[in-house]
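Notes for the one structure printed next.
Every read-out reported here was derived from the displayed coordinates using simple, explicitly stated rules and does not represent laboratory data. This structure is a prediction, so every number in the text was calculated from the model and none was measured. Because the Cβ atoms are built from the backbone with ideal geometry, glycine has one as well, and the counts that use them run over all protein chains shown.
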Amino acid sequence: MDLDLTPEQELIRDTVRSFARERVAPVAEELDRESRFPVELVREMAELGLLGIPFPEEHGGAGGDTVSYALAIEELTRVDSSIAITVAAHTSLGTMPIYLFGSDEQKERWLPDLAAGRRLAAFGLTEPDAGSDAGATRTTAELRDGSWIVNGSKMFITNAGTELTWGVTITARTGQEEVSNLVVENGAPGYEISGPLHKLGWKASDTRELTFADCAIPEAHLLGERGKGFTQFLEILDGGRISVAAMGVGLAQGAYDLATAYAKERRQFGKPIARFQAIAFKLADMAVEIEAGRQLVLRAAWLKDQGRPFALEAAMAKLYTGELSHRVVNHALQIHGGYGFMDEFPISRLYRDQKILEIGEGTNEVQRMVIARHLGL
């Protein structure tokens with residue numbers, strides 16, 4: 001058993017770490033305060049190849065693997081979750097369906113810009129009345145005279161409305177008992193994108209509601225086989241859970257870094273608070289849990305790279321790191337005391353950003369359902 005990273009994986013991790021510290025950290029608080037999508041930072045990440053890490057070079061990607069991708073997401077989240085979810089949603093949810101299920105013509109047409117990060121992609125699964133019960137989608141698509149006529153809406157969709165956005169892959173009912181995936185490019189007639197939604201956290205990421213009113217898209221925009229949409233999006237969610245689990249580790253690591261630095265500087269009763277056992281034990285427990293979570297994520301990513309079943313491990317990693325990040329960021333803010341309650345301290349932003357990690361890509365409750373099913377329970 002070799003737990004060492006390859007030189008290529010270490011290079012990606014170190015490159016992203018430097019980018020996050022040097023380019024993202026100085027502006028993260030400002031972007032959060034202004035709820036401003038960081039277009040220029042996204043373009044810089046595209047130049048570094050960070051928006052197409054797991055895709056082959058022949059499709060415009062960086063030719064990396066899932067482990068490298070998970071490491072990159074962890075490093076970005078360590079500094080700012082909004083940047084990280086922009087990359088994760090584009091890669092795992094927006095672009096991956098086209099890579100996995102697209103025809104040769106669709107890949108040739110759409111993948112180069114997406115894998116290279118020149119354009120961003122979104123994935124429309126959640127609806128106002130279809131969240132955890134994703135199979136209850138009510139959006140419909142009827143084939144008429146060579147076009148799909150789409151009616152319905154999607155909610156909480158990441159990357160759908162930026163100036164870099166290319167389009168969205170959506171799930172829709174193409175028959176009474178049939179769900180398919182369709183590609184809707186921005187500008188399609190009848191496709192409307194709401195203004196940015198106001199959120200507790202991830203304020204610098206783009207989140208929208210999408211509405212389709214007799215939206216006409218070409219018949220050729222069917223992604224994969226008709227009626228296989230449910231199976232397809234379950235596969236997409238399995239892979240996406242690895243990236244969200246990596247976000248949980250990254251946020252926990254970032255919170256730990258802030259708490260440790262603060263505890264070494266903050267003095268009470270004549271000495272740094274890090275020297276008090278109550279604080280030192282908190283930090284020790286945090287370090288142990290973070291490393292355990294990291295190994296869960298890397299194990300799931302490695303299994304995926306080996307072409308082996310990974311859905312159980314991805315769900316375990318996602319569940320554990322979501323709850324791990326909750327515990328760690330809570331303790332980290334407690335260590336900051338009253339200063340942690342002030343937005344001038346970055347721990348307050350990490351605290352707000354954390355909660356969605358227990359909701360998105362399947363709630364904690366859904367993860368337990370998935371795990372139990374894989375265990376044969």
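Packing, taken as the mean count of other beta carbons within 10 Å per residue, orders the peptides 180-191, 281-292, 251-262 from highest to lowest as 251-262, 180-191, 281-292.
Kirkwood-type hydrodynamic radius, the chain: 21.1 Å, calculated from all non-identical alpha-carbon pairs. When the C-alpha to C-alpha distance is required to be over 31 Å, the pairs from Lys282/Lys318; Lys271/Lys355; Lys199/Lys264; Lys199/Lys318 that qualify are Lys271/Lys355; Lys199/Lys264. Think of each Lys and Arg Cβ as +1 and each Asp and Glu Cβ as -1; about the Cα centre, that makes the dipole of the range 121-226 roughly 320 debye. Restricting the calculation to Cα atoms, the range 121-226 yields a radius of gyration followed by a Dmax of 13.3, 44 Å. If r is the Cβ-Cβ distance from Phe276 to Arg327 and R0 is 25 Å, what FRET efficiency results, to the nearest 0.05? The calculated FRET efficiency here is 0.80. Only helices enter this figure: runs of n ≥ 4 DSSP H residues, each worth -39500 (n - 2.57), summed and divided by the residues of the chain, yield -16000 deg cm²/dmol at 222 nm to the nearest 500.
Taking the Cα centre of the chain as reference, the dipole from Cβ charges on Lys and Arg (+1) and Asp and Glu (-1) amounts to some 1340 debye.
Working from the Cα coordinates of the range 93-183, the gyration tensor eigenvalues give, after taking √(5λ), semi-axes of 22, 17, 11 Å in decreasing order.
Averaging 1/r over each pair of different alpha-carbon atoms in the range 45-90 and inverting the result gives 10.5 Å, the Kirkwood hydrodynamic radius.
Modelled label positions at Gln176 and His198, each set 7 Å beyond Cα in the direction of Cβ, lie 4.5 nm from each other. To the nearest 10 degrees, how steep is helix 311-336 against the longest Cα principal axis of the chain, on a 0 to 90 scale? Long axis of 311-336 versus the principal axis of the chain: about 40 degrees. With contacts taken as Cα pairs under 8 Å and at least 6 residues apart, the range 230-374 reaches a relative contact order of 33 percent. Over the range 48-138, the alpha carbon radius of gyration divided by the compact-protein estimate 2.2 N^0.38 Å works out to 1.15.
Simple spin-label estimate for Glu22 and Arg118 gives 2.6 nm between the two label positions (7 Å along the Cα-to-Cβ direction from each Cα).
Counting each pair of different Cα atoms once, what's the Kirkwood radius of the range 230-374 in Å, rounded to one decimal? The answer is 15.9 Å.
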